[in-house]
Each structure stands twice: as structure tokens, then as C-alpha cells.
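Reviewing the structure listed below.
The values are calculated or read from the model by the stated rules, or taken from the named source; none is laboratory data. These numbers were taken from a predicted model, which means no experiment stands behind them. FYI the Cβ positions are ideal-geometry reconstructions off the backbone, even for glycines, and counts take in every protein chain you see. To get the accessible areas, we keep the full protein, side chains included, count just its heavy atoms, and leave off ligands, DNA and RNA. Shrake-Rupley method; radii C 1.70, N 1.55, O 1.52, S 1.80 Å.
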Amino acid sequence: MARWIVTGPPGAGKTTVLTRLAERGYAVVSEAARAEIAARRARGLPPRPDLQSFVRALLARDEAAWDGSGEGTVLFDRGLADTLGAALGLGLVDEDGVREALAQRPFETRALYFPPWAEIYHTDAERDQTWTEAVTVDAMVRRFYERFGIELLEIPRDTVDARAVRVAAIVGPP
């Protein structure tokens, strides 16, 4: 079983490439933040509660997604490690807590990293960050992965199909 994190800032093309890979038979777990925001909107709530509550909800979603991810190669759109980075930054967990959480629900020791890409960046119903905020998130993501010894394998800016081929070459068959 191989669980891969696909990470990077908002709007870098992760979800689009993962959708293409799902069409090709890969198991893909959707981003918890998008799901949480959509669920909150459907209940008539503001898209995001206070940041600590939001991150706690994402942790619960990410843990449940990992637990239910099944066998074979699974690609996570962001996933538990990204949410743990946010939780660490908010003081909801310490470094030992991050290590313990990742040991209980392990991923590959390398993550697929999509760099910021201004030309394709746009907001939508669930992505409400500005470009500047997206770049700030990128810096935090990279620092977190470096801090915990997870190598980032950059997926260069290219067409959706070329990026999907690159990801598939790294992770192997579905």
C-alpha cells in the first residue's frame, strides 16, 4: 500500500491533475478543506469558523479519510500532513504530536509538490484566498515538510496531462 500526499499552495493545479488521475483509475482522496467549506455552506453556515475549529474539523476529516483509504496506491489532495502543519502553527499539536500522528497514519516519505503558478490561479466557492495568501501558504507548507524530513518532489508547471504522466511515473500504477 502506498499513500502519497499531493501538496502545494492553493490554486497550483493539484486537484485538476488528481481528477485526471482518478479518470485513469487512481484512488484519490479529496481535499478536506474544500469538503468542509462545501459542507458548511450547504448547512447555511459561513465557509470557515474560527481557524482553530476549522483545523480541528480538517484533522477529523483527514484521519477518517486515511482510515478509509483502502489498499493500493492512494493519492491525497493535501491530506493529514498539511493539516498537521496548520495545527502545529496554531499550537493545537506539538512536534511530538505531529510525529506520533504521522507514525499512526503513515504516508510515503516523499510528497508530490505543485509549486505556485500565478497564471492558473483563481478563486472559487471553496478557494477564497488571495494570490498573496496562497504564496504565504506555500512557504509554510515547504517549511513544514522540510522540518519533518519529507522530501518534496516538484511536479513542474506543464499541461494537465504532462503533470499527470509525471505523477504516475513517480507513484507507479494504480
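Worth a mention:
- Residues within the stretch 7-48 that are at pLDDT below 95, surrounded by fewer than 14 Cβ atoms within 10 Å (Cβ to Cβ) and not hydrophobic (A, V, I, L, M, F, W, C), tallied: 4
- Taken together, the residues in the stretch 131-156 that are of a type in the set (Ser, Thr, Tyr) and in contact with a Lys or Arg (Cβ under 9 Å, 6 or more places away or on another chain) amount to 0.
- Filter pass, ALA22 being touching a strand residue (DSSP E or B) at 6+ places or on another chain (Cβ under 9 Å), without any contact (Cβ under 8 Å) to a residue 24 or more places away in the chain, assigned to a helix (DSSP H, G or I) and over 17 Å from GLU146 (Cα atoms): yes
- Checking each residue in the stretch 62-77 for being in a helix (DSSP H, G or I), without any contact (Cβ under 8 Å) to a residue 40 or more places away in the chain and surrounded by fewer than 20 Cβ atoms within 10 Å (Cβ to Cβ) picks out ALA64, ASP67.
- Against the list (1) modelled with pLDDT under 95; (2) open to solvent by 20 Å² or more (accessible area, probe 1.4 Å); (3) in contact with a helix residue (DSSP H, G or I) (Cβ under 8 Å, 6 or more places away or on another chain), the condition VAL141 fails is (2).
- Residue in the stretch 79-95 that is of a type in the set (D, E, K, R), within 21 Å of GLY149 (Cβ to Cβ) and surrounded by fewer than 19 Cβ atoms within 10 Å (Cβ to Cβ) present: yes
- Taken over the stretch 49-59, the residue count meeting the criterion of being in a helix (DSSP H, G or I) and open to solvent by 60 Å² or more (accessible area, probe 1.4 Å) is 3.
- Restricting the search to helices (runs of 4 or more DSSP H) fully inside the stretch 78-174 and requiring at least 1 residues that are farther than 28 Å from ALA38 by Cα gives 95-104, 131-147, 160-171.
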